[in-house]
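K.L.:
This is the structure I want to talk about, given as structure tokens.
The values are calculated or read from the model by the stated rules, or taken from the named source; none is laboratory data. Everything numeric here is computed off the predicted structure, so don't read it as measured data. Note: ideal-geometry Cβ built from the backbone for every residue, glycine included; neighbour counts use all protein chains shown. Only protein heavy atoms, including side chains, enter the accessible area calculation; ligands, DNA and RNA are left aside. Shrake-Rupley method; radii C 1.70, N 1.55, O 1.52, S 1.80 Å.
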Amino acid sequence: AERYNPREMEPHWQTVWDENGAFVVDNDDPRERYYVLEMFPYPSGRIHMGHVRNYAMGDVVARYWRARGKNVLHPMGWDAFGLPAENAAIERKLNPRTWTYQNIEAMKAQLKSMGLSLDWSREIATCDPDYYRHQQAMFLDMLAAGLVSRKKSKVNWDPVDMTVLANEQVIDGRGWRSGAEVQQRELTQWFFRISDYAEELLAALDGLTEWPDKVRVMQRNWIGRSEGLRLLFALEPDPRIEAKSIEVFTTRPDTIFGASFIALSPDHPLTCTLAASDPALAEFVAECHRQGTATETLEKAEKRGHFTGLHVRHPVSEGETLPVYVANFVLMDYGTGAIFGCPAHDQRDLDFARKYDLPVLPVVLPPDLDPQEVEIGDEAYVEDGTIFNSGFLDGLSIEDAKQRIAGHFAERMLDGRPQGVVEVNYRLRDWGISRQRYWGCPIPVIHCEVCGTVPVPKKDLPVVLPEDVSFDKPGNALDHHPSWKHVDCPQCGAPARRETDTMDTFVDSSWYFARFTAPDAATPTVLDQANAWLPVDQYIGGVEHAILHLLYSRFFTRAMKATGHIGIDEPFKGMFTQGMVTHETYRNGKGEWVPPTDIVLETEGETRRARHAATGEAITIGSVEKMSKSKKNVVDPDEIVATYGADTARWFMLSDSPPERDVQWTEAGVEGASRFQQRIWRLVNEAMAIAAKEAEGGAGALDDEALAVRKAVHRALHQVGADIEGLRFNRAVAQIYEMTNTLSRYVGLVEAAPRARLEVLVEGVERLVQLIGPMMPHLAETCWQVLGREGLLADAPWPPVDPALLEDDSVTLPVQVNGKRRGEIVVPKGAARELIEKEALSLDAVARMLDGKPPRKLVIVPDRIVNVVV
Ligand code: ANZ
Ligand code: ZN
């Protein structure tokens, strides 16, 4: 046969599937439902290899369950709002909408060239008013239900880009794009009250048994529940202030005897009061603000403070006082914005104490040390131990000491209230969704001088983004628009102003999976349909979304439930996070990155060398890294599909490593995959050629060889199914390789053989074609035709496994002589005593010990063990 030509066959089948509506899903189909979803892409312009890997996996799952007779929903859409579109608008003078839709079109063509079994009739773009109108409607419902609030909060403000930045976008105190020093501003912002759900979001993690443990751990840490104590410290009188006490939040009240200072946040009210008359303190506070409040920055930054001149009374060590500092590492929006420092048992406190020469008193004794052996150097002791140096807490465990001290302070009064109150705290903050940006979903609210903030009446939705925008000025183009924001108040009719903030794009992706279940509905969801399809049976995406996107979606689903748009709590039943696609890196003599396409690799024994293809210059082979533009080690999916075809790319992506790990893209690997594709093609054609010739041959009994092949085929069927269900794609691929080897060997034996053998071969080849169907669907569909099967393979059911053929029918029996193991024999399962006896006694070791005499006794436990007594 001719070589298989993917360039011809792949587009052919894509058209056939399309024309047959092969993957269009009917909501009224009575079969059991299965919903598989890959995280939808941002329309950046081109798909990358990470997408290929992600969608190849999802497609295997979709095609498999489809063949298993389920009604499979496998949709695709576009996470289409966001900053890059605005940047393109500025740089290229393109309207963000035009840019976005051009990209969608280009990427859709790329996805289509991959042959994914997607229901394109349900395509969604989040920037489409038909999508975001429903988001606006739900926002209003959530606002009415008290799930949305508007409050003043500290934000990172980039004075050049004139926008709020997320903490993650502040790097070393500077805006990630502009490089400008970020300022702290108080802005009134819209928030989703996700923190109201902190406990529930935490507790429900236990039920997500089909999620990776690491993702659950990350969410747990992000929610960050801690049980602590609010504790009052009595202030020594000071003429500058009126306050009589400082309240701190601590999770380690057991270390109170080791306290050596108090630290206030730069934004603490007391700090503000003092700074008003203390220029040095005011300067310190300003410095802290320049540094920003991003967790990462804070962790790396040097711990610094400024002494206020105030002191508090030590709450347990009679007669002692503690100095009060303002410190850069204390946040205002956590706990009370004030802490007590115990340097011996907290690293930040220790760094701080060393710098300002404060006492370091250990109060937790490590399990295997004597008190006099304890010494704190540069490292705080944060492990478990027994309390010491602590008066009435001495000898208690940390947990017991916490209880005891909480009880102690609960009974004491200070400043008219109990000195200590137990409190549960969460790290999780409310979700600030206001963005001072054009290309996002408008927040459907109107500000009226008389009525305050007035929701846009639902009949006036959607609030549509204007298209005639200009990006000449930095900042929010919506705000600059000459007319858009000027409206009449829907309540009193007075001239009023539209909210010009748009929603964080994470809102858009927090419910798209629900919209897919009824993408054309006039309401955000159709309750019955959403409930029938959801939760998503298998969600697949990058681990980079393990926290925010997944947490927001879990919250939003609950908020949708509270407002009657859905009947479930958890959106994703099964979650899978795939590894990254990596590639070697290359550098030239000047240390510049060189793309793989410019390079020729040479192998000489163990050593590999690289040359520049055009100049011949020696190239250094560097480490294997995640594909990234900056290191130029990216491989373009389009080029791969054009050269090798989509099936080869898909196959290679699935074959080389476990799906949760990184996979290294190599040219040798793709070529291997491509060769395998041809090998299957040859095998199928060879088998059919023999079949055509031998069809007249006489029938015969199934001989041993044929039976062994049938067994191998059914074992592979069974295993590949189990591996796909368990998302062990690389193992499924390995099974298929093995099966192909078995069948290739068998082809030689079948020639001029009885008909029974031929049937086994044809069955085997047909099963092979079905097994590669989810992975290499185009090749499989072509082979299906060669096999002369009716209809599309895409519509064919998954082949059944004959359980009788799975049974292994030989057993290995250990053979003992006088209770000591001397060897083993392999016999058919349920073999007769005579056979076992004969085999056991003829073992060399046994024969030697018998020395020609018959055994005194022979114990045979069938299928288990043989014991010879001599
Ligand atoms: C005294 C102490 C002693 C603390 C010790 C720790 C170890 P988690 O577990 O993350 O909740 N803290 C409290 N409020 C803070 C704020 N606004 N900014 C920065 N740090 C703050 O952390 C709680 C601990 O972090 C608290 O317990 C407090 O320090 C600090 F050996 O109090 B601890
Ligand atoms: Zn009004």
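K.L.:
So I540 passes all but one of these: (1) among the hydrophobic types (A, V, I, L, M, F, W, C); (2) within 16 Å of ligand 2 (Cβ to nearest atom); (3) part of a strand (DSSP E or B). Which condition number does it fail?
P.N.:
(2)
K.L.:
If you don't mind, there's one more thing I want to ask. Only one of (1) over 14 Å from V248 (Cα atoms); (2) out of contact with any Leu (no Cβ under 8 Å at 6 or more places or on another chain); (3) among the aliphatic types (A, V, I, L, M) is not met by I376, so which one is it?
P.N.:
(2)
K.L.:
Would you confirm, using the coordinates I've provided, whether R240 is in a helix (DSSP H, G or I) and either open to solvent by 20 Å² or more (accessible area, probe 1.4 Å) or away from ligand 1 (no atom under 15 Å from the Cβ) (or both)?
P.N.:
Working: in a helix (DSSP H, G or I): no; either open to solvent by 20 Å² or more (accessible area, probe 1.4 Å) or away from ligand 1 (no atom under 15 Å from the Cβ) (or both): yes.
Taking the combined requirement at face value, the residue does not satisfy it.
K.L.:
Looking at V624, V635 in this structure, which one is under 22 Å from the mean Cα position of the chain (by Cα) and among the aliphatic types (A, V, I, L, M)?
P.N.:
Only one candidate qualifies: V624.
K.L.:
Can you name the condition, by its number, that R679 falls short on among (1) at pLDDT 95 or above; (2) open to solvent by less than 30 Å² (accessible area, probe 1.4 Å); (3) under 17 Å from L761 (Cβ atoms)?
P.N.:
(2)
K.L.:
In the list G748, G788, which residue meets the criterion of being assigned to a loop (DSSP other than H, G, I, E, B), small (G, A, S) and surrounded by fewer than 20 Cβ atoms within 10 Å (Cβ to Cβ)? Please lay out each step first, then the result.
P.N.:
Details: G748 fails: assigned to a loop (DSSP other than H, G, I, E, B).
After ruling out the rest, the residue left standing is G788.
K.L.:
While we're looking at this one, here's another question. Go through the range 243-255 residue by residue and tally those that are open to solvent by 30 Å² or more (accessible area, probe 1.4 Å) and away from ligand 1 (no atom under 16 Å from the Cβ). Please lay out each step first, then the result.
P.N.:
Applying the first criterion (open to solvent by 30 Å² or more (accessible area, probe 1.4 Å)) to the range 243-255 yields 243-244, 247, 251-252.
So of that shortlist, the ones also away from ligand 1 (no atom under 16 Å from the Cβ) come out as 243-244.
Residues in the range 243-255 being open to solvent by 30 Å² or more (accessible area, probe 1.4 Å) and away from ligand 1 (no atom under 16 Å from the Cβ): 2 in total.
K.L.:
Just the residues that are over 28 Å from E807 (Cβ atoms), open to solvent by 60 Å² or more (accessible area, probe 1.4 Å), at pLDDT below 90 and not in a loop (DSSP other than H, G, I, E, B), please, taken from the range 828-870.
P.N.:
Once the filter is applied, which keeps residues that are over 28 Å from E807 (Cβ atoms), open to solvent by 60 Å² or more (accessible area, probe 1.4 Å), at pLDDT below 90 and not in a loop (DSSP other than H, G, I, E, B), the range 828-870 yields D844, R848, M849.
K.L.:
Which ones in the range 323-352 are more than 8 Å from ligand 1 (Cβ to nearest atom) and within 31 Å of the chain's Cα centre (by Cα)?
P.N.:
Scanning the range 323-352 gives a single hit, Q347.
K.L.:
Additional query: Restricting to the range 55-73, name every residue that is open to solvent by 10 Å² or more (accessible area, probe 1.4 Å) and not in a strand (DSSP E or B).
P.N.:
Within the range 55-73, R63, W65, R66, A67, R68, G69, K70 qualify.
K.L.:
Here is a further query. Go through (1) over 29 Å from D430 (Cα atoms); (2) touching a Ser or Thr at 6+ places or on another chain (Cβ under 6 Å) and name the single condition E467 misses.
P.N.:
Result: E467 fails condition (2) only.
K.L.:
Can you tell me which residue among N741, N818, N730 is open to solvent by 50 Å² or more (accessible area, probe 1.4 Å) and either in contact with a helix residue (DSSP H, G or I) (Cβ under 7 Å, 6 or more places away or on another chain) or at pLDDT 95 or above (or both)?
P.N.:
Going through N741, N818, N730 in turn, just one is open to solvent by 50 Å² or more (accessible area, probe 1.4 Å) and either in contact with a helix residue (DSSP H, G or I) (Cβ under 7 Å, 6 or more places away or on another chain) or at pLDDT 95 or above (or both): N741.
K.L.:
Continuing with this model, one more query. For V454, state whether it is closer than 30 Å to D501 by Cβ, open to solvent by 80 Å² or more (accessible area, probe 1.4 Å) and in contact with a Cys (Cβ under 9 Å, 6 or more places away or on another chain).
P.N.:
Against the criterion (closer than 30 Å to D501 by Cβ, open to solvent by 80 Å² or more (accessible area, probe 1.4 Å) and in contact with a Cys (Cβ under 9 Å, 6 or more places away or on another chain)), V454 does not qualify.
K.L.:
Now for a different question. Do you know which residues across the range 791-800 are part of a loop (DSSP other than H, G, I, E, B) and open to solvent by 50 Å² or more (accessible area, probe 1.4 Å)?
P.N.:
So the first thing to find is which residues in the range 791-800 are part of a loop (DSSP other than H, G, I, E, B), and the list is 791-792, 796-800.
Once the filter is applied, which keeps residues that are part of a loop (DSSP other than H, G, I, E, B) and open to solvent by 50 Å² or more (accessible area, probe 1.4 Å), the range 791-800 yields G791, P797, P800.
K.L.:
Could you check T271 against (1) of a type in the set (S, T, N, Q); (2) within 12 Å of ligand 1 (Cβ to nearest atom); (3) touching a helix residue (DSSP H, G or I) at 6+ places or on another chain (Cβ under 8 Å) and say which number it fails?
P.N.:
That leaves (2) as the condition not met.
Yes/no matrix, rows are residues, columns are (1) in contact with a Ser or Thr (Cβ under 8 Å, 6 or more places away or on another chain); (2) open to solvent by less than 10 Å² (accessible area, probe 1.4 Å); (3) within 23 Å of S149 (Cα to Cα); (4) assigned to a strand (DSSP E or B):
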| site | (1), (2), (3), (4) |
| --- | --- |
| Q491 | no, no, yes, no |
| A496 | no, no, yes, yes |
| A514 | yes, yes, no, no |
| T523 | no, no, no, no |
| I568 | yes, no, no, no |
| E584 | yes, no, no, yes |
| E602 | no, no, no, yes |
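K.L.:
Same structure, new question: Against the condition closer than 16 Å to H714 by Cα and open to solvent by less than 50 Å² (accessible area, probe 1.4 Å), how does L768 come out, does it pass?
P.N.:
Answer is yes for this residue.
K.L.:
Any residue at all in the range 497-504 that is under 22 Å from V72 (Cα atoms) and either at pLDDT 95 or above or within 16 Å of ligand 2 (Cβ to nearest atom) (or both)?
P.N.:
no
K.L.:
Here is a list: L465, L369, L478. Which entry is open to solvent by less than 20 Å² (accessible area, probe 1.4 Å) and either within 14 Å of ligand 1 (Cβ to nearest atom) or in a loop (DSSP other than H, G, I, E, B) (or both)?
P.N.:
Sole residue among the options that is open to solvent by less than 20 Å² (accessible area, probe 1.4 Å) and either within 14 Å of ligand 1 (Cβ to nearest atom) or in a loop (DSSP other than H, G, I, E, B) (or both): L465.
K.L.:
Failed condition for D26, given (1) of a type in the set (D, E, K, R); (2) assigned to a loop (DSSP other than H, G, I, E, B); (3) touching a strand residue (DSSP E or B) at 6+ places or on another chain (Cβ under 7 Å), with all others met?
P.N.:
(3)
Results for (1) closer than 26 Å to I90 by Cβ; (2) in contact (Cβ under 8 Å) with a residue 12 or more places away in the chain; (3) open to solvent by less than 40 Å² (accessible area, probe 1.4 Å); (4) in a loop (DSSP other than H, G, I, E, B), shown as yes or no for each residue.
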| position | (1), (2), (3), (4) |
| --- | --- |
| W157 | yes, yes, yes, no |
| W190 | yes, yes, yes, no |
| L201 | no, yes, yes, no |
| V217 | no, no, no, no |
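K.L.:
Quick check: is even one residue across the range 621-629 without any contact (Cβ under 8 Å) to a residue 24 or more places away in the chain and either in contact with a Pro (Cβ under 8 Å, 6 or more places away or on another chain) or in a strand (DSSP E or B) (or both)? Steps first, please.
P.N.:
Keep residues of the range 621-629 that are without any contact (Cβ under 8 Å) to a residue 24 or more places away in the chain, which gives 628-629.
The next check asks that each one be either in contact with a Pro (Cβ under 8 Å, 6 or more places away or on another chain) or in a strand (DSSP E or B) (or both); those that pass are none.
No.
Yes/no per residue for (1) open to solvent by 20 Å² or more (accessible area, probe 1.4 Å); (2) away from ligand 2 (no atom under 16 Å from the Cβ); (3) outside any helix (DSSP H, G or I); (4) not aliphatic (A, V, I, L, M):
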residue: F257; (1), (2), (3), (4): yes, yes, no, yes
residue: T271; (1), (2), (3), (4): no, yes, no, yes
residue: H306; (1), (2), (3), (4): yes, yes, yes, yes
residue: G319; (1), (2), (3), (4): yes, yes, yes, yes
residue: M332; (1), (2), (3), (4): yes, yes, yes, no
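K.L.:
So which residues in the range 420-454 are in contact (Cβ under 8 Å) with a residue 60 or more places away in the chain, small (G, A, S) and either more than 13 Å from ligand 1 (Cβ to nearest atom) or in a loop (DSSP other than H, G, I, E, B) (or both)?
P.N.:
Passing the criteria: G432, S434, G440.
K.L.:
Exactly one condition in (1) out of contact with any Asp or Glu (no Cβ under 7 Å at 6 or more places or on another chain); (2) within 25 Å of Q538 (Cβ to Cβ) is false for E8; which is it?
P.N.:
The number of the failed condition is (2).
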